[in-house]
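Trainee: Got a structure for you, questions after.
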Amino acid sequence: MKIAVYGATGMVGREIVAEALARGHEVTAVTRTGSTVPGATSVGVDMADAAALAEIAAAHDAVVLATVPSRTGESHEPWVDAVIAAFGAVADTRLLVVGGAGTLTVDGARIIDTPDFPAEYRPEGLTMARIYDALLGARQSLNWTMLTPAPMIQPGERTGSYNRGTDSPVGRSISTQDFAVAMLDEIETPAHVRARLTVAN
C-alpha cells in the first residue's frame, strides 16, 4: 500500500512511518521542513496547503494525520482549520487521524471534563475534541478513522499486542511503538470505518 504520514518526524508519526516501512509499504513522510526520513519519500508540505494534500491523497491509499496543535501558546485555530480542510481534500482516500485521550469517556463523562485532568493539557484536549466532533459531522463519503491512544502515550517497547476499545480507555498507557502497530493493523484491515478506536497496552 501507499501511505502518506503527516507529522512524520513527531513522537507518534515517526513510529507509524517505521512500522509501515517494516511491513513493506511505500511511505511518503510529510513534514513542514521536508526532513529526510530514511526509507521513505520525504516531502516538505504544510498541512494547511489543501491543494498539496489533495494531490498527495490522490496518489496514496491512506493518509495519516499525526500532527498536534501548537504547544507554545499560539492559537490552535490555524491547525483546526487545516485539519477540517483535509476532510475535503482527501476526497475518497482513507483518512486516519491520531486523536486525543481527553475525548474518551469514563462513566459517561469525557476525561477532559473530570477534575483530575491536568489543566495544562486542557486547551489541547478541547481542540482535539473539536476535531472528533467535526469527524462525526463530516460528509458521509469521508472514509475516516480516529485512533485514540490511552491517557499516557510515550516511547517504549514494541510488544505487537494491545487492547482495543471504542469510547472508554482500555488501559492506562501505550507505547508509541504499539500505537503504530494498531494504526497499521487498522490501515491494512479496516475495522473501524467512520468510527473511533482506542488502544492501550
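Trainee: If you go through region 96-123, how many residues are within 17 Å of Phe179 (Cβ to Cβ) and not β-branched (Val, Ile, Thr)?
Mentor: Of the residues in that region, 6 qualify.
Trainee: Tell me which of these Gly102 doesn't satisfy, since it passes every other one: (1) open to solvent by less than 20 Å² (accessible area, probe 1.4 Å); (2) closer than 22 Å to Leu21 by Cα; (3) not basic (Lys, Arg).
Mentor: With (1) open to solvent by less than 20 Å² (accessible area, probe 1.4 Å); (2) closer than 22 Å to Leu21 by Cα; (3) not basic (Lys, Arg) applied to Gly102, the lone miss is (2).
Trainee: Next question. For region 1-106, give me every one of the strands (runs of 3 or more DSSP E) that falls completely inside it and has 1 or more residues that are charged (D, E, K, R) and without any contact (Cβ under 8 Å) to a residue 40 or more places away in the chain. Don't jump to the end; show me each part of the working.
Mentor: Details: elements: 2-6, 26-31, 41-44, 62-65, 94-98.
It comes to 26-31.
Trainee: Moving on. Touching a residue at least 12 places away in the same chain (Cβ under 8 Å), closer than 25 Å to Thr198 by Cβ and within 14 Å of the chain's Cα centre (by Cα): does that describe Ile111?
Mentor: When the stated conditions are applied, Ile111 does not pass them.
Trainee: Looking at Leu184, Leu147, which is the one that is surrounded by 15 or more Cβ atoms within 10 Å (Cβ to Cβ) and part of a strand (DSSP E or B)? Explain how you work it out, then say what you get.
Mentor: On the way: Leu184 fails: part of a strand (DSSP E or B).
The unique qualifying residue is Leu147.
Trainee: Further question on the same structure: Run down Thr9, Thr41, Thr33 and say which single residue is modelled with pLDDT under 95, polar (S, T, N, Q) and out of contact with any Leu (no Cβ under 9 Å at 6 or more places or on another chain). Don't jump to the end; show me each part of the working.
Mentor: Values: Thr9 fails: modelled with pLDDT under 95; Thr41 fails: modelled with pLDDT under 95.
Going through Thr9, Thr41, Thr33 in turn, just one is modelled with pLDDT under 95, polar (S, T, N, Q) and out of contact with any Leu (no Cβ under 9 Å at 6 or more places or on another chain): Thr33.
The values are calculated or read from the model by the stated rules, or taken from the named source; none is laboratory data. Model, not experiment: these values are computed from the prediction. Here the Cβ is made from the backbone with ideal geometry for all residues, glycine too, and neighbour counts use every protein chain on show. SASA here: full protein model, heavy atoms, side chains in, ligands and nucleic acids out. Shrake-Rupley method; radii C 1.70, N 1.55, O 1.52, S 1.80 Å.
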